[in-house]
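The values are calculated or read from the model by the stated rules, or taken from the named source; none is laboratory data. Just so you know, these numbers come straight off a predicted model, no measurement behind them. For neighbour counting, all protein chains shown are included, and Cβ atoms are generated from backbone atoms with ideal geometry for every residue, glycine included.
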Amino acid sequence: MLPGNGLPNTFSIIDKAHHSKRRRIFAYGFSEAALKSYEKVIQGHIDKFCQVLTKNADSEGWGQIVDMSKTCTGFALDTLGALAFSETFGALDGDKNSEYIFSAIVSAGRSMGVLIHLPIFGRSNFLFGMRWLFQRLILPLEDIKNIQNYLSLVAATAKRRRDREDTQARGIEKENSPEKDIFHYILRAKDPVSGEPFTPEELSAEARACIFAGTDTTSSTLAATLYWLSSAPEAFAKLQAELHSVFTSEDDIHTGSKLNSCLYLRRVVEEVLRISGPVGGILWREATKDHVIEGYRLPRGAEAGVAIYAIHHNPRYFPDPHVFNPDRWDDSIVGAQSVAIAKSAWMPFLTGPRSCIGRSLALMEIHLTIARIVFSYEMKMDESRLADLQVTVDDGYREFETKDQLAAETIGPFLQFRKSNREIC
Ligand code: HEM
């Protein structure tokens, strides 16, 4: 249930048949062909992101200290704006107007993080209509205003995009070729079963889903990856060595067989999604019939769920679960059986018909971004701020804190970057 104008979207629809229909149309925006056309946009935003990293460099080439949670949010938001509507929100350019968006994203996450655990709001139309009142109890007025302004901005951007597609489709605008963004694909798509396209209202609702579901998740994964790599120099060095052995310059880093051959890169990202996955909480499901699970009766209509964080930290599947260890995904080191057990329990994107529709897009963006940064830069952490961003867990282990607000709310890490000598461009 997302804060918004009340219209459900793919993420929040409860009815199974309705959800399947919406998902079938939405899926056109995430097909293999669509993903191919997105890479150039992602690469352009990685260029901008990298420029921020060495801004105001000192005499030794170290850029200013960067709050990676904030910068990664700006990057993910602008990239998604460009991918969805061919428009960015100006967050990476430091556009002052985009400042409120950062707090709107955090506040919306906080409110969703509470509402999602109160399914009663989804059951009663009256209470659903009253959720703004409830939100007022948990959020300051300023935050609610920010969320409303942000939702209006997303709706207006989606409408502009729809209008452009209309003029292009009717041949009025001949000069520009159609923008190959997510909206391009879903505006032209029809449900293969019913033959119906999205209505304008459904499109607005999906625009909200796309931005909310795709921004925080991608950005906190990037921030967490940079946290773990800067805390584990041996993992950073191993990844950098792999990238330097595969690519000759940063221009060489794009999707395809070379990137696919970077197995350590994939293991690092898999491990980050396990230990600091952005959706760590319980995603409630309603039992549609009576069940008995390990002796416990779960009657029809009951809500049940297990926090993904708990599954990802269960030592039965992941020995030493609080240790960041990309090698746990390498069967030549830990054995095929251990990797198979770990894979069976790894579900940062969930599984089944409600699993993440943006999985391949998110992984493409994360792999390209991390590959580029680690290929081209050295980095160091501002350790004076560590207490702000870490949490102490079992047995005194420290993890990067991912506060469960449906997606994760994170702080930092605070990092400095310097171009490494290896860079050839
Ligand atoms: C690392 C990045 C990401 C992670 C870990 C992630 C994780 C998830 C999870 C766990 C769900 C299931 C939620 C539930 O059932 O309650 C989900 C659903 C969804 N995600 Fe993602 N996500 C990521 C990135 C993205 C991106 C980039 C997009 C879009 C651009 C996206 C769009 C969606 C949508 C639309 C749904 C609802 C799917 C449905 O119900 O059919 N996600 N995601």
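Kindly list, by first and then second residue, each pair from a residue in region 123-145 that is in contact (Cβ under 8 Å) with a residue 60 or more places away in the chain to a residue that is assigned to a helix (DSSP H, G or I) and exposed (fewer than 14 other Cβ atoms within 10 Å of the Cβ), limited to pairs with Cβ atoms under 6 Å and residues at least 6 apart or on different chains.
Taking only residues 6 or more apart or on different chains, not a single pair turns up.
Within region 344-365, identify whether any single residue is over 28 Å from THR79 (Cα atoms) and not β-branched (Val, Ile, Thr), and answer yes or no. Talk me through it step by step, then tell me what you get.
So the first thing to find is which residues in region 344-365 are over 28 Å from THR79 (Cα atoms), and the list is 344-345.
Filter once more, keeping what is not β-branched (Val, Ile, Thr): 344-345.
Within region 344-365, one or more residues are over 28 Å from THR79 (Cα atoms) and not β-branched (Val, Ile, Thr).
Does ALA189 qualify as being at pLDDT below 95, out of contact with any helix residue (DSSP H, G or I) (no Cβ under 6 Å at 6 or more places or on another chain) and within 16 Å of the ligand (Cβ to nearest atom)? Lay out the reasoning, then the answer.
Working: at pLDDT below 95: yes; out of contact with any helix residue (DSSP H, G or I) (no Cβ under 6 Å at 6 or more places or on another chain): no; within 16 Å of the ligand (Cβ to nearest atom): yes.
Answer is no for this residue.
Have a look at ILE253, ILE182, ILE282, ILE275 and point out the one that is touching a residue at least 12 places away in the same chain (Cβ under 8 Å), of a type in the set (Val, Ile, Thr) and more than 16 Å from the ligand (Cβ to nearest atom).
Going through ILE253, ILE182, ILE282, ILE275 in turn, just one is touching a residue at least 12 places away in the same chain (Cβ under 8 Å), of a type in the set (Val, Ile, Thr) and more than 16 Å from the ligand (Cβ to nearest atom): ILE253.
SER245 passes all but one of (1) part of a helix (DSSP H, G or I); (2) within 16 Å of the ligand (Cβ to nearest atom); (3) of a type in the set (Ser, Thr, Tyr); (4) at pLDDT 95 or above; which number fails?
Against the list (1) part of a helix (DSSP H, G or I); (2) within 16 Å of the ligand (Cβ to nearest atom); (3) of a type in the set (Ser, Thr, Tyr); (4) at pLDDT 95 or above, SER245 comes up short only on (2).
Which condition breaks for LEU139 when tested against (1) in contact with a Ser or Thr (Cβ under 7 Å, 6 or more places away or on another chain); (2) modelled with pLDDT of 85 or more?
Checking LEU139 against (1) in contact with a Ser or Thr (Cβ under 7 Å, 6 or more places away or on another chain); (2) modelled with pLDDT of 85 or more, the one that fails is (2).
May I ask you to list the residues in region 36-71 that are part of a helix (DSSP H, G or I) and among the polar types (S, T, N, Q)? Give the derivation first.
Keep residues of region 36-71 that are part of a helix (DSSP H, G or I), which gives 36-53, 68-71.
Scanning region 36-71 gives SER37, GLN43, GLN51, SER69, THR71.
Give me the residue from region 335-392 that is of a type in the set (Val, Ile, Thr) and within 16 Å of the ligand (Cβ to nearest atom) and, out of that set, surrounded by the most Cβ atoms within 10 Å (Cβ to Cβ).
Filtering region 335-392 down to residues of a type in the set (Val, Ile, Thr) leaves 339, 341, 351, 357, 366, 369-370, 373-374, 391-392.
This time we only want the ones that are within 16 Å of the ligand (Cβ to nearest atom), so: 351, 357, 366, 369-370.
Values: THR351: 9, ILE357: 20, ILE366: 22, THR369: 26, ILE370: 23.
This residue is THR369.
One line per residue, one yes/no per condition, for (1) assigned to a helix (DSSP H, G or I); (2) touching a strand residue (DSSP E or B) at 6+ places or on another chain (Cβ under 6 Å); (3) acidic (Asp, Glu):
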site	(1), (2), (3)
VAL323	no, no, no
ILE333	yes, no, no
ALA340	yes, no, no
LYS343	yes, no, no
PRO353	no, no, no
ALA362	yes, no, no
GLU365	yes, no, yes
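Look through GLY109, GLY113, GLY90, GLY74 and report the one residue that is under 30 Å from LYS419 (Cβ atoms), part of a helix (DSSP H, G or I), under 20 Å from the mean Cα position of the chain (by Cα) and small (Gly, Ala, Ser). Write out each step before concluding.
Details: GLY109 fails: under 30 Å from LYS419 (Cβ atoms); GLY113 fails: under 30 Å from LYS419 (Cβ atoms); GLY90 fails: part of a helix (DSSP H, G or I).
None of the other options fit; the residue is GLY74.
Listed here are the residues, each with its yes/no results for (1) of a type in the set (Asp, Glu); (2) within 16 Å of the ligand (Cβ to nearest atom); (3) modelled with pLDDT under 90; (4) farther than 30 Å from GLU383 by Cα.
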| position | (1), (2), (3), (4) |
| --- | --- |
| ILE13 | no, yes, yes, yes |
| SER20 | no, yes, no, yes |
| GLU32 | yes, yes, no, yes |
| LEU35 | no, yes, no, yes |
| LYS40 | no, no, no, yes |
| LEU53 | no, no, no, no |
| ASN56 | no, no, no, no |
| THR71 | no, no, no, no |
| PHE75 | no, yes, no, no |
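For region 116-223, which fully contained helices (runs of 4 or more DSSP H) count at least 3 residues that are crowded, with 18+ Cβ neighbours inside 10 Å?
141-169, 182-188
Looking at region 345-356, I want the residues that are at positive phi and have a partner that is within 9 Å of the ligand (Cβ to nearest atom) and not charged (D, E, K, R) with Cβ atoms under 9 Å, at least 6 apart or on another chain. Which pairs are those?
LEU350/VAL279; LEU350/LEU283; LEU350/ILE308; LEU350/CYS356
Out of the residues in region 382-397 that are outside any helix (DSSP H, G or I) and free of Cβ contacts under 8 Å to residues at least 60 places away in the same chain, state the one that is farthest from GLN416 (Cα to Cα).
Pass one, region 382-397, residues outside any helix (DSSP H, G or I): 382, 390-393, 397.
Those still in the list that are free of Cβ contacts under 8 Å to residues at least 60 places away in the same chain too: 390-392.
Working: GLN390: 18, VAL391: 22, THR392: 24 Å.
Top of the filtered list is THR392.
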